[in-house]
Amino acid sequence: MKTVAVLSLLASLASAASLTLVTENFGPNPRNNPFYIYVPDVLPPNPAILVNPHWCHGTAPAAFSGSQYATLASQHGFIVIYPQSSPAQANSDKCWDVSSKETLTHNGGGDSLGVVSMVKWTINKYNADPKRVFVTGVSSGGMMTQVLLGSYPDVFAAGAAFAGVPFGCFAPAGNNTGAFGYWSDDCAKGRVTKTPAQWADLVKSAYPGYDGWRPKLQLFHGTNDEILDYVNHQEGIKQWAEVLGVGITPVSVTPNTPISGWTKSVYGAEGWLEGYSAAGVPHDIRVQEATVMAFFELACKGEDCFRWGDSEWCDAEPSATTSSVVVSMTGAPVTTTSTSSTSVRVTTPSATSTSSRVTTTFVTSTSTAAPVAGQPLWAQCGGMGFNGPTACAVGTCTIYNPYYAQVNPQ
Ligand SMILES: *[C@@H]1O[C@H](CO)[C@@H](O)[C@H](O)[C@H]1NC(C)=O
């Protein structure tokens, strides 16, 4: 039976890839985190990487068999890294280190540095795309997702955390240097609440001075979570909405998405932050692979994919000169925030699927030395189809999206 022979050959080829423990030195790994990897037999030239940290009491092999990501990786051609918590915690709860100063600091050490070393090794070894590195996990893996996004915004393009807690929520009060494996009952029980600014400060202080790409994020949480209280969902929204500058009021709320009883809230016009409240769901929340895959665009190939990690910083001259910012993008709106009087942040947009690539040119102008003729405060100063003056008499021209820029103070 020729067909049968071919089919069984295909089946054996398809099953050739397997979960593999990487035993060679892969870079700084201060807590000796084991590194498991799943590399499909067939990969595109620059594959994406998905990091999938396990839950407490879990292991890398358990995470591997606990979701469809490996199967999806073979189907769509991306690599999955399954890191494992430190052997130092093997006999206790096998949770991730989400509490120490080390793990909560960029290049500070801890579990987060070990995981980042795994990512960098994989990028080099498989010529993976450094702009398409994603992380998703459940419970302790959801906490670790937020730790990695906060400590290494330069490494991760986006994350999806299920039933986790905000970045820094598990850190003990006071000196957390060396505070590995600390269980914060206060955070778990939802007794740690902060303002958006306070939460964002925790993230920003993890990597002082960093002003590049900030990862997109999905947060999923059951309203009946008995282990990590649902309060942590709202606190997480506050934290990441502030970090991303999108505001804590959702721009859209959609019931029964992606499944019955779950409510999807989108924060910011460009959809950089999504929150999913799962009504009545306990800590044991179901992973939504399809929703995460779509957010990360892991099935996308070719020209029309979202250009992850493309963010440019343009330092406007302090004198009355004009600088132009060219934003090349996938056709979706651009998110822009003005951060100071001399710089304008231009970040490429969210993953709205589009088929054409558009190049938009904005001209911004600032003047601190001497007032120049131009648009007054609050007036439009740029955007597609706008033919008026792009110079500002005062303040700076802040680009909100490809269609609109406005003169703001500073
Ligand atoms: C914080 O704790 C570490 C480890 O116990 C210790 O080495 C360090 O001196 C402490 N730092 C401060 C400021 O107390």
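Within segment 160-192, if we keep just the residues that are under 19 Å from residue 224 (Cβ atoms) and either touching a strand residue (DSSP E or B) at 6+ places or on another chain (Cβ under 7 Å) or among the β-branched types (Val, Ile, Thr) (or both), the residue that is farthest from the ligand (Cβ to nearest atom) turns out to be 162. Take residue 248 and tell me if it is under 30 Å from residue 105 (Cβ atoms) and either aromatic (Phe, Trp, Tyr) or part of a loop (DSSP other than H, G, I, E, B) (or both). For residue 248, the condition - under 30 Å from residue 105 (Cβ atoms) and either aromatic (Phe, Trp, Tyr) or part of a loop (DSSP other than H, G, I, E, B) (or both) - is met. For segment 253-285, a residue qualifies if it is of a type outside the set (A, V, I, L, M, F, W, C), open to solvent by 40 Å² or more (accessible area, probe 1.4 Å) and under 20 Å from the mean Cα position of the chain (by Cα), and the qualifying residues are 258, 264.
Those helices (runs of 4 or more DSSP H) of segment 79-196 in which at least 1 residues are over 28 Å from residue 286 (Cα atoms), considering only elements entirely within it, cover 110-126. Could you look through segment 91-112, keep only residues that are away from the ligand (no atom under 16 Å from the Cβ) and within 22 Å of residue 136 (Cβ to Cβ), and pick out the one that is most open to solvent (accessible area, probe 1.4 Å)? For segment 91-112, the residue satisfying everything is 94.
Just one of (1) within 16 Å of the ligand (Cβ to nearest atom); (2) surrounded by fewer than 18 Cβ atoms within 10 Å (Cβ to Cβ) fails for residue 126. It is (1).
Consider residue 48 carefully, then state whether it is open to solvent by 60 Å² or more (accessible area, probe 1.4 Å), over 21 Å from residue 181 (Cα atoms) and touching a residue at least 24 places away in the same chain (Cβ under 8 Å). Here the answer is no, as residue 48 does not meet what is asked.
The values are calculated or read from the model by the stated rules, or taken from the named source; none is laboratory data. If you're wondering where the values come from, they're calculated on a predicted model, not measured in any experiment. Note: ideal-geometry Cβ built from the backbone for every residue, glycine included; neighbour counts use all protein chains shown. The protein model used for the area step is the full one, side chains on, heavy atoms only, and it has no ligands, DNA or RNA in it. Shrake-Rupley method; radii C 1.70, N 1.55, O 1.52, S 1.80 Å.
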